Amino acid sequence: MSLKCRIALITGCSGGIGAATALALVRQGCSIAIHYNSAKEKAQALVQTLQAAFPGVIAIIFQADLSDYENVRRLHSQVVDQMGHPDILFNNAGGTLKTIGRMGNIQDISIEDFENTWKLNTGSSYLLTQLCIPHMVEQQYGRIVFNSRQYTIQGTGGVIGPHYASSKSALHGLLHWIASRHAKDGITCNAVAPALIVETTMMSNPTDEMRNMIPVGRLGVPNEIASIVELLVTNAYMTNKIIVADGGWTPSAF
Ligand SMILES: NC(=O)c1ccc[n+]([C@@H]2O[C@H](COP(=O)([O-])OP(=O)(O)OC[C@H]3O[C@@H](n4cnc5c(N)ncnc54)[C@H](OP(=O)(O)O)[C@@H]3O)[C@@H](O)[C@H]2O)c1
């Protein structure tokens with residue numbers, strides 16, 4: 001229970017990785033602000049699961065479409081009003097909007113598709129982080145984790161398209177600046193960079209071709225990402241890092 005009484009805001013808790021991370025952080029003693037966008041029933045089911053496993057745990061659901069910055073501001077203020085300032089922020093929610101694949105035509109991603117993808121995956125993570133930092137600085141404690149993507153390190157550009165790949169790579173520049181600027185404020189800032197993770201809506205139909213690309217011969221599961229986030233928020237000396245979880249696919253990273 002190393003995080004007893006800490007408040008964790010996890011975006012995208014209605015998804016596979018967010019839900020698994022909520023469970024991991026509740027086990028460490030956190031209260032959880034459970035964010036969702038459209039899947040209210042999944043967010044409610046997660047609260048029931050957490051309360052059944054850890055009676056008395058504080059877990060409250062918050063709805064916000066994070067492609068709209070006003071909703072990001074509203075999410076932050078509702079969490080502060082109902083639970084207090086987040087000590088831990090996992091910027092996990094994200095989406096692909098459109099998929100054109102590795103050999104797709106860049107003409108099929110309009111500048112509007114590009115900007116909307118960045119708004120959801122990058123801009124809203126930036127804004128939420130910006131809103132959370134003043135309190136973290138004031139109390140000289142904070143943990144910020146981004147959810148990026150393994151191929152931002154691998155250098156292939158991935159299987160979705162240029163809009164998604166670039167929106168996730170940008171998180172790394174952001175975390176490097178924040179980690180360096182706020183290292184002396186007791187704030188750590190890191191990213192987890194998963195490859196292909198099943199039990200998520202995003203990766204609902206894995207193929208044999210995908211499995212064959214991965215040295216361990218299978219896709220990852222949400223718990224394997226949650227345990228990395230748990231490490232990153234319980235360790236005060238690990239900052240400015242991008243931790244890749246990909247079954248051995250990318251040989252050089254952490
Ligand atoms: N699954 C993978 O293979 C994989 C690999 C690398 C990185 N990731 C990253 O992991 C993160 C979590 O995804 P997941 O794998 O757990 O997939 P998931 O099950 O599809 O979950 C996606 C989450 O993001 C939320 N979301 C999507 N669009 C949103 C919007 N406009 N506003 C607010 N929230 C929105 C969803 O909310 P609702 O369902 O409530 O709408 C859901 O909670 C994403 O950032 C993704 O890019 C996933």
Check: Near Lys184, which lysines are there with a Cα under 24 Å away, not counting those fewer than 8 places off in the same chain?
Finding: Lys4, Lys241
Item checked: Unit charges on C-beta of K, R, D, E only; dipole of the chain, Debye -> 480
Margin query: Please state the shape class of the chain: rounded when a/c is under 1.5, otherwise prolate if a/b exceeds b/c and oblate if not, all from the C-alpha gyration tensor.
Written below: rounded
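To the nearest 20 Debye, how big is the dipole of segment 109-254 about its Cα centre, given +1 on the beta carbon of each Lys and Arg and -1 on that of each Asp and Glu?
So the dipole magnitude of segment 109-254 works out to roughly 340 debye.
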Next item on the list: Over the residues of segment 122-221, compute the C-alpha Rg and express it relative to 2.2 N^0.38 Å.
Entry: 1.27
Checklist line | Size of charge dipole - segment 143-209 - debye, nearest 20, with Cβ of Lys, Arg +1 and Asp, Glu -1, no other charges | finding: 420
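Where in the chain are the helices, taken as whole DSSP H runs, whose Cα atoms extend 15 angstrom or more along the long axis and whose Kyte-Doolittle mean reaches at least 0.5?
Length and hydropathy pass: 16-27, 222-234.
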Notebook entry, point to check: Given Gly95, Thr122, Ile214, which one lies farthest toward the positive end of the charge dipole of the chain, if we put +1 on the Cβ of every Lys and Arg and -1 on the Cβ of every Asp and Glu?
Noted result: Ile214
Next item on the list: Please provide three numbers in whole Å: the alpha-carbon extents of segment 157-202 along the principal axes, with the largest listed first.
Entry: 37, 24, 13
Next item on the list: Excluding residues fewer than 8 places away in the same chain, name every one of the lysines whose C-alpha is closer than 25 Å to that of Lys98.
Entry: Lys40, Lys42, Lys119, Lys168
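Quick one: plug the Kirkwood hydrodynamic radius of segment 54-164 (C-alpha pairs) into Stokes-Einstein at 37 °C, 0.692 mPa s, and report D in µm²/s.
207
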Next item on the list: Using DSSP, restrict attention to beta bridges with both residues in segment 1-109 and report what percent are antiparallel, rounded to the nearest 5.
Entry: 0
Notebook entry, point to check: Which of the peptides 230-241, 119-130 is most tightly packed, and how do the rest follow, going by the mean number of other Cβ atoms within 10 Å of each residue?
Noted result: 119-130, 230-241
Next item on the list: May I ask which residue of Ile144, Pro162, Phe62 lies farthest towards the positive end of the charge dipole of the chain, with charges of +1 (Lys, Arg) and -1 (Asp, Glu) on Cβ and the Cα centre as origin?
Entry: Ile144
Notebook entry, point to check: If you count, for each residue, the other Cβ atoms within 10 Å and average over each peptide, how do 167-176, 191-200 line up from highest to lowest?
Noted result: 191-200, 167-176
Next item on the list: Pop out the Kirkwood hydrodynamic radius of segment 30-84 from its pairwise C-alpha distances, inverse of mean 1/r, in Å to one decimal.
Entry: 11.7
Notebook entry, point to check: Under the classification rounded if a/c is under 1.5, otherwise prolate if a/b is larger than b/c and oblate if not, where does segment 21-61 fall, given a ≥ b ≥ c as square roots of the Cα gyration tensor eigenvalues?
Noted result: prolate
Checklist line | Translational diffusion coefficient (Stokes-Einstein; Kirkwood radius from C-alpha pairs) of segment 164-254 at 4 °C, 1.567 mPa s, in µm²/s | finding: 90
Check: Give or take rounding to whole Å, what are the principal axis extents of the alpha carbon atoms in segment 1-130, in descending order?
Finding: 52, 26, 26
Next item on the list: Please work out the FRET efficiency for the pair Ile111 and Asp68, using the Cβ-Cβ distance as r and a Förster radius of 30 Å; give the result to the nearest 0.05.
Entry: 0.95
Checklist line | For the chain: relative contact order, % (alpha-carbon pairs under 8 angstrom, 6 or more apart) | finding: 19
Check: Once every DSSP H run of n ≥ 4 in the chain is given -39500 (n - 2.57) and the sum is divided by its residues, what mean residue ellipticity at 222 nm do you get, rounded to the nearest 500 deg cm²/dmol?
Finding: -13000 deg cm²/dmol
Item checked: Ordering of 150-156, 79-85, 22-28, 5-11 by burial proxy (mean other Cβ atoms within 10 Å per residue, highest first) -> 5-11, 22-28, 150-156, 79-85
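Read-outs: derived from the displayed coordinates by stated rules, not from any lab. Just so we're clear, the structure is a prediction, and the values are computed from it rather than from any experiment. FYI the Cβ positions are ideal-geometry reconstructions off the backbone, even for glycines, and counts take in every protein chain you see.
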